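For reference, the structure discussed in these notes is given below.
The values are calculated or read from the model by the stated rules, or taken from the named source; none is laboratory data. Everything numeric in this text was worked out from a predicted model, so none of it was measured. Note that each Cβ is placed from the backbone with ideal geometry, even for glycine, and that neighbours are counted across all protein chains shown. Just the protein is used for accessible areas: all its heavy atoms, side chains included, with ligands, DNA and RNA removed. Shrake-Rupley method; radii C 1.70, N 1.55, O 1.52, S 1.80 Å.
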Amino acid sequence: MRRNTQDENMRKWFKVTIPYGIKYDKAWLMNSIQSNCSVPFTPVDFHYIRNRACFFVQVASAASALKDVSYKIYDDENQKICIFVNHFTAPYSVKNKLKPGQMEMLKLTMNKRYNVSQQALDLQNLRFDPDLMGRDIDIILNRRNCMAATLKIIERNFPELLSLNLCNNKLYQLDGLSDITEKAPKVKTLNLSKNKLESAWELGKVKGLKLEELWLEGNPLCSTFLDQSAYVSAIRDCFPKLLRLDGRELSAPVIVDIDSSETMKPCKENFTGSETLKHLVLQFLQQSNLCKYFKDSRNIKILKDPYLQRKLLKHTKCPRNVDSLSALPETQHDFSSILVDMWCQTVNTCFLPRAGPESQRWWCLLSLKWKDGLRVLILPSCGPSSLPLAAIPVCAS
């Protein structure tokens, strides 16, 4: 009877999947989902698989509420986040949870490896620890149940941990280690050398740590960079405050600290242009569907290459609108006269021939990227010149 009850409980689980969840930081993603979910829940066995983020819940009411959260969260690129919820068996870390005796033996082993004065825990080559092998306890840190048990002991017994050595544990992914940002947030030194990590994006799973020293030598990922500077740059993208990498001192990171109390001065227009041209362009933007297209088109937001963005624009429903701009008066532009406000993230300009390479008539493509999407304004032009760019209002949809 007890066995049947356990089996039934094992089946009362739900798997929650977020497509393309690999793009998002775990803490931000889970906080966003929990703040939008009407039923409190405890995520179990959070991990990334391929490009997806996954976790499990056991309460049916929470699973139902999570379905309602789908498409209600927006990321930094103003894209909606989709959430799938399905019935599932119990997660691996639950089905293969270490027994109390095994947990006690693992805790004793970790206590022996802990340096109190340096607040450092040495878990290198943990699987072949004599105490564990002598009792036939197989601790493989690539398994989420083993890593979860290890982090649970760290959280309870070594809350002030500053240095963690996971060298030579054959780690090929860091899914199980992603909880370290919550279990041991004070860690400043992490040794992952002599493992099997093949890609630097694995480090994104632990980028919540404020690391000052990191060891990665002996991993396949170290040979994937063209040179040392590219290697350092990629690692610092995850850990901006890093001071030492593989035992080498790094130059001090550049940190810009803006006083929040300082008031930003208002932007002043320093060029004025033709009021007629302003009126014509504004009227076009208000009447055409260009603004709506850029607001709602997921395809053009996903593309990062400006050339592919222009190509997509050319082969969609917008060419009629673009062609109608040819009726506007021709303008000439001086790039040094463009005024960029602080709230505008990027501005790009380029010139495209209207008909072909030999054409003397041009389109000027002005791309402005805001936090909520991309705005593109195309104006007829005879090409670059030394005349100032007219201050043209852009419709912000």
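Table for the structure above
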| item | result |
| --- | --- |
| Single unsatisfied condition, Asp45 versus (1) charged (D, E, K, R); (2) surrounded by 19 or more Cβ atoms within 10 Å (Cβ to Cβ); (3) under 16 Å from the mean Cα position of the chain (by Cα) | (3) |
| Residue match in region 109-119 (condition: assigned by the TED database to the domain that holds Pro40, open to solvent by 100 Å² or more (accessible area, probe 1.4 Å) and in contact (Cβ under 8 Å) with a residue 24 or more places away in the chain) | no |
| Residue count, region 16-60 (criterion: of a type outside the set (Val, Ile, Thr) and part of a helix (DSSP H, G or I)) | 13 |
| Output for region 150-171, where each listed residue is among the polar types (S, T, N, Q) and surrounded by 20 or more Cβ atoms within 10 Å (Cβ to Cβ) | Thr150, Asn165, Asn169 |
| Qualifying residue in region 156-168 (condition: under 24 Å from the mean Cα position of the chain (by Cα) and assigned by the TED database to the domain that holds Gln102) | no |
| Check on Leu126, touching a Leu at 6+ places or on another chain (Cβ under 6 Å), assigned by the TED database to the domain that holds Asn191 and open to solvent by less than 10 Å² (accessible area, probe 1.4 Å) | no |
| Selection within region 201-245 - in a helix (DSSP H, G or I), more than 20 Å from Leu29 (Cβ to Cβ) and either at pLDDT 95 or above or within 21 Å of the chain's Cα centre (by Cα) (or both) | Leu221, Thr224, Ala230, Tyr231, Val232, Ser233, Ala234, Ile235, Arg236 |
| Residue check, Met147 among the aliphatic types (A, V, I, L, M) and open to solvent by 20 Å² or more (accessible area, probe 1.4 Å) | no |
| Filter result for Leu197 (open to solvent by less than 30 Å² (accessible area, probe 1.4 Å), farther than 24 Å from Gln118 by Cβ, assigned by the TED database to the domain that holds Arg113 and at pLDDT 90 or above) | yes |
| One residue from Val59, Val39, Val69 being open to solvent by 60 Å² or more (accessible area, probe 1.4 Å), aliphatic (A, V, I, L, M) and out of contact with any strand residue (DSSP E or B) (no Cβ under 6 Å at 6 or more places or on another chain) | Val59 |
